[in-house]
Amino acid sequence: MTGTPLKAVEGQLVAELRRTLGWLEEALDSIGDGLVITDAEARVLWCNAGFVTFCGRSKLLMLGEPLFSQLPRSCSGQPLLDATALQGKVGEGQSGRLTGLLSQDPLRAVEIQWREVKREASGPLVFTIRDISLLLSNAELQSRADLANERRAESETRNAQLREQQRSLAAQVVECPVTGLPNRRALQNRIAEALADLEAQAGQVTILFCDLNGFKEINDLYGHHVGDELLVEVGQRLQQGLRSGDTLARLGGDEFVVLTSGRLDEIEALELGMRLQQRLATPWIAEDYLIRPSMSVGIAGTTDPEIGIDELLRRADLAMYDAKAKNDPKISHYNDSIDLEVKRTIVLKRQLKQAIEDNELELVYQPIVTLTDAQTVGQESLVRIQSPGRPALNPSEFIPLAERTGLILPLGRWVVREAMDHVKRLQRLSRSLRTSINVSPLQLKQEGFASWFLAQAEERDLDPVLFSVEVTEGMLIDHPEQTTRELQHLRQAGVRVYLDDFGTGYSSMSWLAKLPIDAIKIDRSFAADFLMDRRKQTVLQSMITLAQDLNFTVIAEGIETEKQHLGLLEMGCTHGQGYYYGRPRGYSAD
C-alpha cells in the first residue's frame, strides 16, 4: 500500500521534468543563433531550430552524423569546419572560434565558436553558429574609409598643415572599441546633423536611451570578458531591431542610444522601445551560463533645433532612470514632471545622507500579537527620520531612495545595531521580545552579511533566537543562491526569517516550498477590505491554509478594527500586527 503513493509522486516528478525540458527546448529553439552539442568526435547529439534552418536539413538526419558534413561549404568550396580545427585533448578545455564566408555578393558570413564542457568526462562540445554578415559589412566599409584616409595622408606634404590634420583626425575617434558601434562623439555628430536638418525642414528628432539592467552583477559574477561579449551581443540584437536609417551608438558602460530617423509619435516610439526590449529578452548562453539580458528605455523627442545635443541626451537619460523605477515594460517618455522629480530626489537624497551622518535616526516598534488573546509576542523595528527644523521624511519615500542610491547600507547597519541595543535594554528590564529587522536586497547581496549580523549579537551577549529578519519575495527569487546562503546561516544560528508583503509580489506556490523562511506576513492590502471583497477573502483564506500546511507561522499586517481581528481569527490566522493592537512607538514610551 505504501508503493502506490510513491509511484504517483515519481510519475508527477517525471511529468514535471518533461514539461520543464519542453520549455527549455522551446526557449533554445527561439534563439536565432544555431546551437549544437556534439560528442568528443564532433558527432551531433542535439541541435536547436536555428541550426536546422542554417543547414537546411532535418534534425533526425543530422543526429549521430559528423558536424563537419552537415555544414554548408564556404564560397570557395572548402568545408567551413573540419577535424583539424578541433585541436587539444578531451578534458583540456579545448575551445576555438573561426569565421567563414558563405558568399561575397551579397556578403554572407558566419562565426563558429566552440568549447568543451569541462565538467563532463566524455568531453562533449558546444558549438554556436552566428550570422555576422552585417558586422563584416560595416567593417569592410570602415576598412575602405581607413584606406582612403591613409592614401590621402601619404599624398600630403609633411609640414605643419599635415601635423594639424593628424591631430584633428586623432581627436575624431568615432567607434566603440568593444562593439564597433558609433561612440559618444559619433552620436553627438549625428544628432547635430539631425538638429540642423530641423532648421531646414520641420520634423522631429527622437532618441531612445537604453541601459542594461543588472550589468554590474554580470561583470561581478562571470567576469569582464563575459560582460564585453554580452555588450557585443546586445549591440547586434539591437541593431537587428532597428529600422532603416536609425542609428545605434554605445555611450560607454552599459548605455546604448538609438537616434531615430523620421517623425515618431509617442506610441510609435514606445513600440520601437518594446521591440528592442523583446530582441534583448532571448536568453544568451556564455560559458555554460544562461543569462537573460534586459534593459530600461528612456525616450525624448524634440521639434526644436535649438534644444542642444546635451539637453536632449539629458532628458532621455532622466526618462531612463524613471523607467528603471517602473514595472514592465520599463519604458518612460520624458516630461517636465520628471525634471521636477529629479530635483526633488536630489534634495531628498541630500537630506537623507545628512540625517544618517548626523544621527537623526530613530527606531520605533510595532507589536506583533497572537490573535487568540492579543498578547504581544514580538515587535517589528521601523526606522524614522526626524531632522530638526525640517518636516519628517516619509519611509515610503526615503527607503526606496536609500535602496537606489546605496545609502541603505549604512542605514541598514545602523538599524541592526540600534535594534540589538534596544533588545539589550529590554533584557536589563527583565523583558524579552522577539524583534524583527527589515533587511534590504543590497544588504543580503553582501557576502558575509549573516556573519556580521551574528557578530553584532555576540558582541552584545544576545541570543540570536531573539531576532527575526524580514525579507521580500523578489529579493529571494532574483538572487536565490546568495540570499539563501546568507539566510540559512542566520536560521542555523536561531534567527527566524519572515517573508514580508506576501501576496503583492510573485507569490508562486512552487517557490514557497523552496524558500528558507519560517513565517509569512500577509500584506496589509488584504486586511483592509477582505470583509467586503468576497474574492479577496477567498484568496486570503487560501494563503493562510497553504502557509499552515507548510508549517509557516502566519502574521496578518494592517489590522485596524475588531471585525478584521475576528475575521482573520476565524480563518485560522494565528498572529497579527496593526493599529488595532498598537501604533509604532519609540523606546522612551516602553
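The values are calculated or read from the model by the stated rules, or taken from the named source; none is laboratory data. Predicted model, so just to flag it, every value in this text is computed and none were measured. Heads up, the Cβs are rebuilt from the backbone with ideal geometry, glycines too, and the neighbour counts pull from every protein chain shown. Surface areas here come from the heavy atoms of the whole protein model, side chains and all, with no ligands, DNA or RNA. Shrake-Rupley method; radii C 1.70, N 1.55, O 1.52, S 1.80 Å.
Observations on the structure shown:
- Note on A27 and D82: their simple-model spin labels are 3.9 nm apart, each label 7 Å out from Cα toward Cβ.
- Angle in degrees between helix 3-29 and the longest Cα principal axis of the chain, rounded to the nearest 10: 40
- Note on T538 and R585: with the Förster distance fixed at 51 Å, the Cβ-Cβ geometry gives a FRET efficiency of about 0.90.
- Protein heavy-atom accessible surface, 1.4 Å probe, per residue over the chain: 53 Å².
- Note that segment 1-81 shows a convex hull volume over its alpha carbon atoms of 110 Å³ per residue.
- The chain, helix-only ellipticity at 222 nm - DSSP H runs n ≥ 4, -39,500 (n - 2.57), divided by all residues, nearest 500: -14500 deg cm²/dmol
- Straight Cα distances below 30 angstrom link K326 to the lysines K216, K343, K349, K353, K445, K514, K521, K536, with same-chain residues fewer than 8 positions distant left out.
- Protein heavy-atom surface of the chain, 1.4 angstrom probe: 51% of the accessible area is carbon and sulfur, with nucleic acids and ligands not counted.
- Net charge dipole size for the chain [Lys, Arg +1 and Asp, Glu -1 on Cβ; Debye, nearest 20]: 500
- FRET efficiency for W46 and R97, using Cβ-Cβ distance with R0 set to 22 Å, rounded to 0.05: 0.60
- Taking every DSSP bridge with both residues inside segment 184-334, close to 90 percent are antiparallel.
- For the chain, share of DSSP beta bridges that run antiparallel, in % to the nearest 5: 70
- Theoretical gain in end-to-end length, K353 to D197 [0.36 nm per residue, Cα-Cα removed]: 51.6 nm
- Exposure ranking of E26, E403 by accessible area [1.4 Å probe, largest first]: E26, E403
- S525 contributes an accessible area of around 50 Å² to the protein surface, as traced by a 1.4 Å probe with all chains present.
- The chain: relative contact order as a whole-number percent, Cα under 8 Å and 6+ apart: 7
- Sorting the segments 68-80, 106-118 by their residues' average number of neighbouring beta-carbon atoms within 10 angstrom, most packed first, yields 106-118, 68-80.
- Treating r as the C-beta distance of D421 and R292 and R0 as 51 Å, the FRET efficiency rounds to 0.75.
- Between 0 and 90°, nearest 10: helix 184-200 axis offset from the chain longest Cα axis: 80
- The order of R534, R425 by accessible area, most exposed first and with a 1.4 Å probe, is R534, R425.
- With a simple spin-label model that places each label point 7 Å from the Cα along the Cα-to-Cβ direction, the separation between E397 and V342 comes to 2.0 nm.
- For the chain, the Kirkwood radius over C-alpha pairs fed into Stokes-Einstein at 10 °C and 1.306 mPa s yields D = 55 µm² per second.
- Pairs of Cα atoms nearer than 8 Å and 6+ residues apart set the relative contact order; for segment 374-523 it is 20 percent.
- Segment 184-334: C-alpha gyration tensor shape, a/c 1.5 cut-off, then a/b vs b/c: prolate
- Three-way shape label, segment 347-586, alpha-carbon gyration tensor, a/c 1.5: rounded
- Translational diffusion coefficient (Stokes-Einstein; Kirkwood radius from C-alpha pairs) of segment 532-575 at 25 °C, 0.890 mPa s, in µm²/s: 228
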